[in-house]
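In what follows, a structure is listed as structure tokens, so that the remarks can point back to it.
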Amino acid sequence: MEFNFDLGLEDQESFVDQSQHFNVGDLIRKAARMYADRTAVSEPHRKVTYAELNERVNSLANALLDRGYEKGQARVAVLAENRGEYIEPYFAAAKVGFVVPALNWRLEKEELVHCASLVNPDALIVSKQYREKAQWIEDGIEDPPEIINLDGDDSDISYETLIAEGSSEEPAPEYTADPEQGLVVLYTSGTTGLPKGVVISHRAWLARGQNYITDWNMERGDGWIAWAPLFHIISADALPAVFTLGGTYYPPNGFDNERIVEILLEEDEGGIGWLFLLPGVINTFLDYLEENDIDVENMREIRGVGALVDLVDPKKIQRVTEKFNMPFTNSYGATEVGNVLSAGNDIPVGVRPDNEDLQKVESSFVDLKLIDENWNEVEERGELAVRGPSLCSGYINNPEANEEDFKDGWFRTGDIFEYNDNGTYSFINRRKYLIKSGGENIYPAEIEKILLQREEIEEATVVRVPDEKWGEVPCAIVSTYSPDEVNVDELMELLEENLANYKLPQYMKITRPDNLPRSATGKVVREDLEKWEVDETDRVREV
């Protein structure tokens with residue numbers, strides 16, 4: 001490192017490096033000191049204070065060290081549903097330089113074994129619910145991990161026994177991790193192949209927590225309802241934010257209406273930083289509130305609601321903002337960098353948004369630019385590239401993907417955005433999911449947004465279908481709770497009024513929302529929809 005100042009010290013670089021040292025292990029240690037008796041983790045059957053959590057984290061870290069796990073080398077994977085114990089390996093690893101790969105339990109055998117083989121875990125912490133999938137990993141990788149069972153199985157090492165055996169004292173200072181060391185490995189969805197393992201350092205995870213706090217105006221004591229899987233950034237990246245502020249982390253196993261309402265009605269020390277609502281849960285949640293006469297006025301203060309605004313039916317956005325009397329979060333993020341566009345311009349109460357309402361503002365701790373396919377910066381429309389302290393370290397054991405997606409400190413997101421004169425950005429579509437029809441590029445989102453203008457449509461997803469004449473053509477898959485009320489001719493008329501002829505779908509399928517394939521966070525999986533059979537009975541147009 002070259003300095004533009006002189007401190008008069010013989011080893012100035014070491015002095016400066018040590019002065020900026022702060023990692024995720026320091027965060028939980030500090031939280032235990034500041035908020036000792038506050039509730040850190042709350043579940044229906046137990047509550048854990050910050051002091052208790054820190055002791056359990058220390059015990060786990062020391063027990064693993066006692067078993068011979070090495071600082072800077074050990075990888076302790078987790079395969080479990082959301083539960084309070086899930087977060088303990090994150091912070092135990094932070095104190096002794098381990099890495100925690102958070103495995104996606106929704107994956108099938110080939111994908112899950114692939115994810116494990118990328119990291120070759122020394123240990124796998126698993127729940128009873130996913131013990132069978134852990135066996136896939138044991139059988140599928142060359143050097144099987146030691147199995148640590150959260151629910152106590154005589155054939156495995158007991159997690160709680162480890163906690164009981166390990167010292168609750170702080171691990172020795174020599175185990176302290178550098179902020180640039182990897183801490184967590186989260187996995188991408190694998191839309192272009194098998195999932196990639198994203199290495200998130202202490203520095204990046206702490207920065208993501210600060211993004212949450214700043215961009216969503218979180219306050220001291222604010223909690224978080226982490227119903228999305230803990231292997232997903234929405235729940236994982238909230239941890240450093242909540243623990244910085246001394247709030248309570250609630251990890252329900254999925255979107256449980258009853259449990260979430262119970263949390264929102266609790267008399268606790270703070271508000272809720274953000275009520276994360278995906279398209280697939282909004283109506284059922286609001287229906288539950290109305291059917292049970294639950295008054296939102298009695299709920300704790302919520303800083304914001306919503307998520308993935310570009311994928312949400314505008315009618316749902318209007319309904320949820322009116323119900324909670326608060327704006328809808330207009331955000332955008334990626335596993336590799338956390339939240340990128342989320343620092344303002346939320347959808348106001350009662351507004352059914354159009355394209356202008358969906359414009360986004362840059363997040364606080366990132367730098368953005370638009371690029372072409374050769375990394376050249378462009379002015380108006382291009383692929384979004386990001387850099388900043390929240391950026392991951394890269395993909396583990398994947399040099400080809402690292403060469404393609406990272407350059408000179410920048411990460412290319414794979415998403416096309418348009419820069420607006422007012423300084424905002426508008427999402428256009430996935431770069432890698434273009435429909436190339438007769439030499440023309442068709443962005444599915446252009447079609448989807450128009451279909452969602454109709455009252456009866458819940459969700460609209462456009463996929464490509466092979467075509468002898470044009471190479472591929474669009475097929476619109478429309479979901480509704482009232483299939484008999486959908487008039488395909490009227491939908492096509494609406495599209496014809498708003499789109500060029502070459503962009504019009506040639507096929508359309510009508511289905512119910514619960515028939516759609518979804519990811520762990522409730523997003524429709526476009527790649528799975530491509531496998532649906534399409535025939536002449538689905539044809540709505542012929543060119």
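The values are calculated or read from the model by the stated rules, or taken from the named source; none is laboratory data. All values derive from a computational prediction rather than experimental measurement. Don't worry about glycine lacking a Cβ; one is built from the backbone with ideal geometry, like all the others, and counts go over all protein chains shown.
Taking the range 463-493 as the region of interest, how many residues are over 27 Å from Lys432 (Cα atoms) and either charged (D, E, K, R) or assigned to a helix (DSSP H, G or I) (or both)?
Quick first cut of the range 463-493, residues over 27 Å from Lys432 (Cα atoms) only: 480-490, 493.
Subset that is either charged (D, E, K, R) or assigned to a helix (DSSP H, G or I) (or both): 483-485, 488-490, 493.
Qualifying residue count for the region: 7.
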Test result for Ile294, in contact with a helix residue (DSSP H, G or I) (Cβ under 8 Å, 6 or more places away or on another chain) and either buried (at least 17 other Cβ atoms within 10 Å of the Cβ) or among the hydroxyl-bearing types (Ser, Thr, Tyr) (or both): no
Pair list, Cβ under 7 Å, 6 or more apart: the range 51-78 residue among the basic types (Lys, Arg) and surrounded by fewer than 24 Cβ atoms within 10 Å (Cβ to Cβ), other residue at pLDDT below 95 and not in a loop (DSSP other than H, G, I, E, B): Lys71/Tyr175
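Condition check: buried (at least 24 other Cβ atoms within 10 Å of the Cβ) and either in contact (Cβ under 8 Å) with a residue 60 or more places away in the chain or small (Gly, Ala, Ser) (or both). Does Leu103 satisfy that? Give the steps one after another, and end with the answer.
On the way: buried (at least 24 other Cβ atoms within 10 Å of the Cβ): yes; either in contact (Cβ under 8 Å) with a residue 60 or more places away in the chain or small (Gly, Ala, Ser) (or both): yes.
Yes; evaluated as a whole, the condition is true for this residue.
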Where Leu308 falls short, out of the listed (1) crowded, with 18+ Cβ neighbours inside 10 Å; (2) closer than 26 Å to Glu85 by Cβ; (3) in contact with a helix residue (DSSP H, G or I) (Cβ under 8 Å, 6 or more places away or on another chain): (2)
Matching entry among Asp535, Asp484, Asp514 (being more than 20 Å from Asp313 (Cα to Cα) and surrounded by fewer than 16 Cβ atoms within 10 Å (Cβ to Cβ)): Asp535
Tabulated pairs, the range 406-423, first surrounded by fewer than 17 Cβ atoms within 10 Å (Cβ to Cβ), second not in a strand (DSSP E or B), C-beta under 8 angstrom, 6+ apart or interchain: Lys407/Trp375; Gly409/Leu391; Glu418/Glu380; Asn420/Gln359; Asn422/Gln359; Gly423/Val361
The range 122-180 - residue that is among the small types (Gly, Ala, Ser), in contact (Cβ under 8 Å) with a residue 12 or more places away in the chain and farther than 30 Å from His21 by Cα and, of those, surrounded by the fewest Cβ atoms within 10 Å (Cβ to Cβ): Ala164
